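Read the structure below first, then the notes.
Quick note: the coordinates plus some simple rules give every number you see, no bench work behind them. These numbers come from a predicted model, not from an experiment. Quick reminder, even Gly has a Cβ in these numbers, built from the backbone with ideal geometry, and neighbours come from all protein chains shown.
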Amino acid sequence: MELELNKEQLRLRSSARDYLKKECPISLMREMKDDNHGFPQKTWQQMADLGWLGIITPETYGGIGGSFVDLAIILEAMGEVCCPGPFFSSVVLAGQTVLALGSETQKQDLLPRLVDGKLILSLALNEPGVWCNPKETHTVATKDGNDYIISGTKLFVESAHIADYLLCVVKDGSAAGKLSILLVDSKSNGIETTLLDTLAYEKQCEVIFNNVRVPAENILGAAGQAGPFLETLQEQAAVAKCAELLGVIQAAFDQSVTYAKDRKQFGRAIGSFQSLQHHCANMVIDADGARFLTYAAAWKIAENQPVEMEAAMAKSWTSTAARKVTALAHQIHGAISFCDEHDLHLYYRKAKAGEVAFGDSNYHLDNIAGQLGLQGPA
């Protein structure tokens, strides 16, 4: 297993950090939290020009054909500045879905426009009372001639209010209730989209499908065959979220060490006190463990190897690490970091939201135990 970044990846990491710190500083997150759109269009187009929107899209469809490790590098850099926008929903979730399941015609139509920044996509997966288990999907699609009729409610659909298309996961009535994914024009009659108030100021929506008519040709892949892919996507999304959380963890740690060196109390830097030294040491352990597990999982995905165990290990550790590191950062900073004017609470919010996305620590610990053959009580 190769965990060292190569020269190209080191350059990508450096350029991504430089660009984001200049064009997407943490202050942009503050500006965008009350903006309904959620991100500047100019920034989105710049990311497209840099090739980021096509980082893992093959050259055939206008992308640069990078690896999942390349994607993780960009996501980590985004986490360091709490970068707003529909990158995760469009590139990681929906883009991967189109690439894996779409017909050649669908891929030729959608992916080049996504890569060019002309198209925003969003995956409508989660539902009320359904968490991390697509098999419990309640939204149904019934066949009506050459169309499907979709009815149901989706929650926490990222950037649905500005998406051009929603990739809706449904129970397919024409396939014995098995899972299908339908490409739905967001302007279709019967769609009601409501922005939700979220902890990390992310633009997530409730989307109600009220007898929405969708052409049957808009199905991605074969009817009723989306289940296995969604399991794979959940694993990859968990690893991608770990990469984003790594950036959050690193930024909180860096700010804390700098503050501990500069802040004077009782005539000496507070970093000279043993309790704060131990806090910083514990933060390093959590951060390094998260980095190793995340990039080990990303490497296996890039090499098309099974990653179920590694993804669960990475998400379990990183979810816990993000919570612990940002909490310790607040302890080191003291009361000042709880003020709205201070940046640290934005990282805490991002860490808390990322902790539960695609399964929290306990969810993945149970997953690991199951893979080890350990059974719970009868």
Apply the Karplus parameterisation 6.51 cos²θ - 1.76 cosθ + 1.60, with θ equal to phi minus 60°, to every residue of the stretch 160-177 and state each ³J(HN,Hα) to the nearest whole Hz, in sequence, with x for glycine and proline. 4, 5, 10, 6, 7, 9, 10, 9, 9, 7, 9, 7, 8, x, 8, 10, 6, x
Going by average Cβ neighbours within 10 Å, how do the peptides 276-284, 82-90, 5-13 rank, with the highest at the top? 82-90, 276-284, 5-13
For the chain, report the translational diffusion coefficient in µm²/s to the nearest whole number, using Stokes-Einstein at 4 °C, 1.567 mPa s, and a Kirkwood Rh over Cα pairs. 60 µm²/s
Mean separation of Cα contacts under 8 Å, 6 or more apart, over the residue count of the chain: relative contact order %: 15 percent
Quick check on the stretch 7-119: what does the Kirkwood estimate of hydrodynamic radius come out to from the alpha carbon pairs, in Å? 14.4 Å
Which angle from 0 to 90°, rounded to the nearest 10, does the C-alpha axis of helix 344-356 make with the longest principal axis of the chain? 40 degrees
At T153 and W131, where each label point lies 7 Å from the Cα along Cα→Cβ, what is the point-to-point distance in nanometres? 1.7 nm
Label-point separation in nm, I64 to Q331, each point 7 Å along Cα→Cβ: 4.0 nm
Cα centroid separation - the stretch 46-83 against the stretch 221-277, whole Å: 19 Å
Taking 0.36 nm per residue of separation and subtracting the Cα-Cα distance, what length does fully extending R11 through D197 add? 63.2 nm
How large is the helix-only mean residue ellipticity at 222 nm for the chain, computed as the sum of -39500 (n - 2.57) over DSSP H runs with n ≥ 4, divided by its residue count, in deg cm²/dmol to the nearest 500? -16000 deg cm²/dmol
The size of the Cβ-based charge dipole (Lys, Arg +1; Asp, Glu -1) of the stretch 221-345 about the Cα centre, to the nearest 20 debye, is 500 debye
Quick check on packing: order 183-195, 310-322, 214-226 by the mean number of other C-beta atoms within 10 Å, highest mean leading. 310-322, 214-226, 183-195
Taking the mean number of other Cβ atoms within 10 Å as a proxy for protection, how do you rank 263-272, 111-120 from highest to lowest? 111-120, 263-272
For Y165, Y363, Y347, which order do you get if you count the other beta carbons within 10 Å of each Cβ and list the fewest first? Y363, Y165, Y347
Per residue of the stretch 125-132, what does 6.51 cos²θ - 1.76 cosθ + 1.60 with θ = phi - 60° give for ³J(HN,Hα)? Whole Hz please, x for Gly and Pro, Karplus curve as stated. 10, 5, 9, x, x, 10, 9, 6
Taking only the alpha-carbon positions of the stretch 122-220 as identical scatterers, the Debye log10 I(q)/I(0) at q = 0.16, 0.21 Å⁻¹ comes out as -0.59, -1.01
Exactly which chymotrypsin sites (Phe, Trp or Tyr not before Pro) in the stretch 90-158 are in a DSSP loop and have at most 16 other Cβ atoms within 10 Å? W131
note: the stretch 168-313, Cα-Cα separations exceeding 19 Å make up a percent value of 70 percent
Extension reserve of the E231-E104 stretch, reckoned as 0.36 nm per residue once the Cα distance is removed: 43.5 nm
Take every Cα pair under 8 Å in the stretch 1-104 that's 6+ residues apart, average their separations, divide by the length, and report that relative contact order as a whole percent. 32 percent
To the nearest 20 debye, what is the magnitude of the charge dipole of the chain about its Cα centre, counting +1 on the Cβ of each Lys and Arg and -1 on the Cβ of each Asp and Glu? 760 debye
Between the stretch 144-192 and the stretch 324-357, the Cα center-to-center distance that results, in Å: 36 Å
Charge dipole (the chain, unit charges on Cβ, about Cα centre) - positive-most of P306, I208, L179: P306
With Cα atoms, 0 to 90° folded angle of helix 104-115 axis to the chain main axis: 30 degrees
Taking the Cβ of G224 as the centre, find all other residues whose Cβ is under 14 Å away and add up their charges (Lys, Arg: +1; Asp, Glu: -1). +3
Those aspartates and glutamates that a straight Cα-Cα span of less than 12 Å connects to K178, excepting residues fewer than 8 apart in one chain: E136
If you line up the long axis of helix 308-333 against the longest principal axis of the chain, both from Cα atoms, how many degrees apart are they, to the nearest 10? 40 degrees
Kindly flag which residue pairs out of K33/K261; K107/K352; K7/K241; K42/K203 have an alpha-carbon separation exceeding 28 Å in this structure. K33/K261; K107/K352
Which residue, Q108, G62, L20, has the largest displacement toward the positive end of the dipole of the stretch 7-119 when charges sit on each Cβ (Lys, Arg +1; Asp, Glu -1)? L20
Where only alpha carbons of the stretch 227-371 are counted, the Rg and the Dmax (Å): 16.8, 62
Starting at the first residue of the stretch 17-26, write each ³J(HN,Hα) from the Karplus equation 6.51 cos²θ - 1.76 cosθ + 1.60 with θ = phi - 60°, in whole Hz, x for Gly and Pro. 5, 4, 5, 5, 5, 8, 9, 10, x, 4
Using a basic spin-label model with each label point 7 Å from the Cα along Cα→Cβ, how many nm lie between K22 and D366? 4.7 nm
